[in-house]
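Written out below as C-alpha cells is the structure these notes cover.
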Amino acid sequence: MGKGHPQQERWLVINRKVYDISQFHRQHPGGSRVISHYAGQDATDAFVAFHLDKALVRKYMTPLLIGELAPDQPRIEPHKNVQNGFLQHDLGHLSVFSKPKWNHLGSHFVMGFLQGGSASWWKHLHNQHHAKPNCFHKDPDLNMHPLLFALGKKLSVELGRKKKKYMPYNHQHKYYFITMPPFLIPVYVAFHTVFKAIQRKQCVDLAFSLSFVIRFILMYKPLLGVMGLLMFHELVRVLQSTWFTWVSQMNHIPMNIDYDKNMDWFTTQLQGTCNVHPSPFNDWFTGHLNFQIEHHLFPTMPRHNYWKVAPLVKSLCTKHGIEYQCKSLITAFADIVRSLKESGELWLDAYLHK
C-alpha cells in the first residue's frame, strides 16, 4: 500500500481495508495530524485503542473505503515488529463516563472553566503524542528539540554532526530546572492555547477560558487586590507546571527517542514509555500515570483498572522479549536529568569531533 503523492493523497489500512483520508483528515474529530501520522501505514491498533463506539465510527468510514489488501499482502508492513489536571486528562481520554459526549463536556468544563485552558488544543496535541510517542516530527511533546533541548541519543548526535547549536546542550541537565518545569504552563501553555483557539476560531474554548478569568477575578480580587491576585495566579501556575512537568516527563524523556520506524502498536508504546512502582502515594501524586505503559496501550481505559491489566502486560512482554521498565519515583525523576546530561554530552562530542 502506498501513500500516493505525499502532498495530495493519504491512505491508511484498518482491518485490511484501505481508506483514502486525503480530504477527511481535515474533518477528523481527533485532529488532522494524529490520523495523518498513519498515512501509508496500518492504523488498526491505533483505531481500536482510540475509539469507543466503533460501530458509529465505521459508518463515517464507509465513504472513504477504496479497496482491500491483497490476500498475500501482510497486514503489518514488512519492517514492523511483533486532581484537576489528572481529571481533565481522564475526561480527554473518554475514560470517565460511558458516553463520549459527557466526557467531552466534562473536559471543556475542567480544562476551560476550572483551569482556563483549551480542551480542543489539549486533545489535538495529546492524541498525536499517544499515536506516536517519542517519534520525532510526530509527537508534539518533542517540539522542544532542538530549540531548547537535545533529546535522544540518535537525534542529539545527528544535531551535533550538523554543527547546529541553539542552546548549550551540554548544560541542559542544569538549565532544565529553571526553564521547563516552572515555565511550561505559565508561559507556553497559557499563550499557545489562546493563540490556537483564536486562530482556529474555537469559540467554545474561548468562552470557557473567559469564564475562568471572570470566576477567578470575582473570587480572589476582593480578598487579594489586583497585584495580589496576579501574584497568586502565577504562583499557582508555577506550582502546577512544576508538578505536571516532572510527572509527565519522567515516563518519556529517558526512553528511546527517534524518528518513526513504523513499528507495531505494542512495541511503539513500550519503547517510548515506562512505569513507576505503584503505591498509595505514587498513585495519587501521578494521577495513576505511574502506570504509563498500560495507559498508552489502552488510552480509553479508566485509571482504576490499570493495576488489573499491568500483570498481564508484563507477562506478555516477558513472553515476547520486550523490555517492561518499572522504577521508583525518585529514580524516574533522576533519569530525566541523567538522560538530558547523556544526550547533551553526545551532542557536544559530535559537534566538536565529528
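The values are calculated or read from the model by the stated rules, or taken from the named source; none is laboratory data. All figures in this text were calculated on a predicted structure; none of them were measured in a lab. Positions of Cβ are generated from backbone atoms using ideal geometry, with glycine treated the same way; all protein chains shown enter the neighbour counts. Just the protein is used for accessible areas: all its heavy atoms, side chains included, with ligands, DNA and RNA removed. Shrake-Rupley method; radii C 1.70, N 1.55, O 1.52, S 1.80 Å.
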With eigenvalues of the C-alpha gyration tensor scaled by 5 and rooted, region 110-241, Å: 33, 20, 10
Compute the semi-axes of the equivalent ellipsoid of region 91-180, taking the square root of 5 times each eigenvalue of the Cα gyration tensor, and list them largest first in whole Å. 35, 15, 9
The answer for the net charge of residues other than Gly112 whose Cβ lies under 12 angstrom from its Cβ, with Lys and Arg +1 and Asp and Glu -1, is 0
To check my understanding: the extent here is largest minus smallest coordinate of the Cα atoms along each principal axis. What are those three numbers for region 164-238, in Å, largest first? 47, 34, 13
Accessible surface of the chain, 1.4 Å probe, proportion on carbon and sulfur as whole %: 66
Take every Cα-Cα pair in region 269-350 and report what % of them are more than 21 Å apart. 36
Cα pairs beyond 36 Å in the chain, in percent, come to 24
When all Cα-Cα pair distances of region 11-68 are considered, the percent exceeding 17 Å is 29
From the phi of every residue in region 274-288, what ³J(HN,Hα) in whole Hz does the Karplus formula 6.51 cos²θ - 1.76 cosθ + 1.60 yield, where θ is phi - 60° and glycine or proline is x? 8, 10, 10, 3, x, 6, x, 5, 4, 4, 5, 5, 9, x, 6
Local charge sum around Ser241 (other residues, Cβ-Cβ under 15 Å, Lys/Arg +1, Asp/Glu -1)? -1
Nearest 5 percent is fine: what portion of the DSSP beta bridges confined to the chain is antiparallel? 65
Ratio Rg/Rh [Cα only; Rh per Kirkwood] for region 196-319: 1.11
Correct semi-axes for region 252-301, from √(5λ) of the alpha-carbon gyration tensor and rounded to whole Å with the largest first, are 23, 12, 7
Per-residue accessible area for His28 at 1.4 Å probe radius, Å² rounded to 10? 40
J(HN,Hα) series, region 247-257, from Karplus relation 6.51 cos²θ - 1.76 cosθ + 1.60, nearest Hz, glycine and proline x: 5, 6, 8, 5, 8, 10, 4, x, 8, 5, 10
Can you list residues from other chains, or at least 5 along the same chain, whose modelled amide H is less than 5 Å from the amide H of Lys327? Asn275, Val276, His277
